[in-house]
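The values are calculated or read from the model by the stated rules, or taken from the named source; none is laboratory data. Keep in mind it's a predicted model, so treat the numbers as computed, not measured. FYI the Cβ positions are ideal-geometry reconstructions off the backbone, even for glycines, and counts take in every protein chain you see.
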Amino acid sequence: MELTEFIVPAVDIKEGKVVRLFRGEFDKSKVYPYSPEDLARIYEEARFKRIHVVDLDGAEGGVPKNLMHIRKVRSVFGGEIEFGGGVRSYELARNLFEEGIDYIVVGTLAVRNPDELERILADFPGRVILSIDSKGGRVAIGGWKEESSITPEELAKKYDPKPIWGYLYTIIERDGSLEGVDVEPYREIKSSVGKPVLASGGVSSLEDVEKLYRVVDGVVVGKAIYEGRIPVEGLKVT
């Protein structure tokens, strides 16, 4: 597998700007000098197969706020797009698929309203990625602000028999920290499910990517790319 297939670059959008949060804290964000569509265009030129787009305003508020920018991203990136951030209804999921989004990423919906998620899965099998966001050993929801009583393994096993595409497993304590990855949580979740697992949180270098290469099916990378630790042609380090 090529790195452009294994790495899934992130485009995190807040108020129309590309940002990265520090450990999921909305008041600790860093803004980068690219529009979402500029970044997507760079990823297209670098021949990445898939990108991970997040509407952080949607994650925090429950409804996506940056759909205009997401349409622009879709117009310049020819590969697959997975989108998350406030996808909490069947109608929104359907609209996103009609807009050309390939996969939706849901987390809060799976915990708070599983019946609604079942509706989506019935009509759009294989196009939902279950976001498992781990904080202190429990699944965090509501833009990572609320801690549920469910463990990551419990949530994963509940949905593994269902027609989801797979999982995005994020270790919130490491997300946006550039402190490196801990492979063991990903190894554990991967051993307990049968569907693909994407890792997220703490990647700081190509060495971290290599550590995950034989453990999971892909890795979402944001800050390490933005900061030039994993070079991508066309991106300038600022």
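Of all the listed residues (Ile104, Ile129, Ile171, Ile141), the sole one being among the aliphatic types (A, V, I, L, M), touching a helix residue (DSSP H, G or I) at 6+ places or on another chain (Cβ under 9 Å), modelled with pLDDT of 90 or more and surrounded by 15 or more Cβ atoms within 10 Å (Cβ to Cβ) is Ile104.
Pull up the stretch 188-209, narrow it to residues that are of a type outside the set (A, V, I, L, M, F, W, C) and more than 18 Å from Tyr159 (Cα to Cα), then point me to the one that is surrounded by the fewest Cβ atoms within 10 Å (Cβ to Cβ). Once the filter is applied, the top-ranked residue is Glu207.
When the residues of the stretch 29-66 are filtered to those that are more than 21 Å from Val105 (Cα to Cα) and of a type in the set (A, V, I, L, M), the one that is surrounded by the fewest Cβ atoms within 10 Å (Cβ to Cβ) is Val31. Test Val19 against the criterion of being surrounded by fewer than 23 Cβ atoms within 10 Å (Cβ to Cβ), among the aliphatic types (A, V, I, L, M) and either touching a Phe, Trp or Tyr at 6+ places or on another chain (Cβ under 8 Å) or not in a helix (DSSP H, G or I) (or both), and give yes or no. The answer is yes for Val19.
Candidates Phe48, Phe83: the one that is part of a loop (DSSP other than H, G, I, E, B), under 17 Å from Gly222 (Cβ atoms) and not charged (D, E, K, R) is Phe48.
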